[in-house]
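Encoded as structure tokens, the structure appears first; notes follow it.
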Amino acid sequence: MGVLLTGKEIIDIAVGIERSGAAFYDQLAQSTKKAKTKVMYSKLADREREHMKSFQSMLGPAGHYVNIDPYTEEYALYLKTLVDSAVFKNERSAREAAQKAASESGAVEIGIQAEKDSILFYSAIQGLVRRTDADLVGAIINEERSHLAQLSDLKARLSKSPGSRQPKRGR
């Protein structure tokens with residue numbers, strides 16, 4: 001038996017993911033003392049909020065849209081697993097993850113994984129929305145890739161900073 005997913009359901013899930021991502025980056029921006037890092041985290045949080053607005057603007061035309069091609073229950077379980085296994089299940093867990101990060105590089109690793117999870121999720125849902133909406137989802141995937149690149153650059157810079165190197169172990 002096939003399962004139908006409405007455009008509204010997809011958008012509601014995507015808005016939740018973006019809201020949690022914004023909370024994570026906001027918490028990191030509040031926690032860091034480094035000005036450049038604070039600015040980058042703030043920009044990432046702002047972009048997550050822009051994504052939320054983009055998805056919310058789709059709610060009008062997508063609100064009553066039902067995908068005419070049902071997908072299998074196995075695929076429904078796959079999508080549910082993607083969402084449930086995301087690094088951030090909600091805003092509170094996103095803030096907690098940011099607060100519990102043992103180091104700035106640890107926080108960046110969490111952010112990298114969250115961006116990868118988002119890309120995977122959006123790639124999976126891209127085929128479940130109307131073609132015009134799929135283009136918007138594709139644009140958001142590109143933004144998530146941009147976030148991933150920014151975080152990867154930050155990770156590289158952090159690994160080069162004097163205070164982030166691990167002590168060498170004796171032989």
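Looking only at region 135-159, which residues are surrounded by fewer than 14 Cβ atoms within 10 Å (Cβ to Cβ), among the hydrophobic types (A, V, I, L, M, F, W, C) and more than 29 Å from residue 105 (Cβ to Cβ)?
Within region 135-159, just 139 meets the criteria.
Based on what the data block shows, is residue 14 at pLDDT 90 or above and assigned to a helix (DSSP H, G or I)? Write out each step before concluding.
Numbers: at pLDDT 90 or above: no; assigned to a helix (DSSP H, G or I): yes.
No, not satisfied.
How many residues are of a type outside the set (Gly, Ala, Ser) and over 14 Å from the mean Cα position of the chain (by Cα) if we restrict to region 126-157?
Qualifying residue count for the region: 13.
Quick one: which helices (runs of 4 or more DSSP H) lie wholly within region 67-130 and hold at least 3 residues that are modelled with pLDDT under 90, of a type outside the set (Gly, Ala, Ser) and surrounded by 14 or more Cβ atoms within 10 Å (Cβ to Cβ)?
Values: elements: 73-84, 91-100, 104-125.
So the answer is 73-84, 104-125.
The values are calculated or read from the model by the stated rules, or taken from the named source; none is laboratory data. Everything numeric here is computed off the predicted structure, so don't read it as measured data. Glycine also receives a Cβ, built like all others from the backbone with ideal geometry; neighbour counts cover every protein chain displayed.
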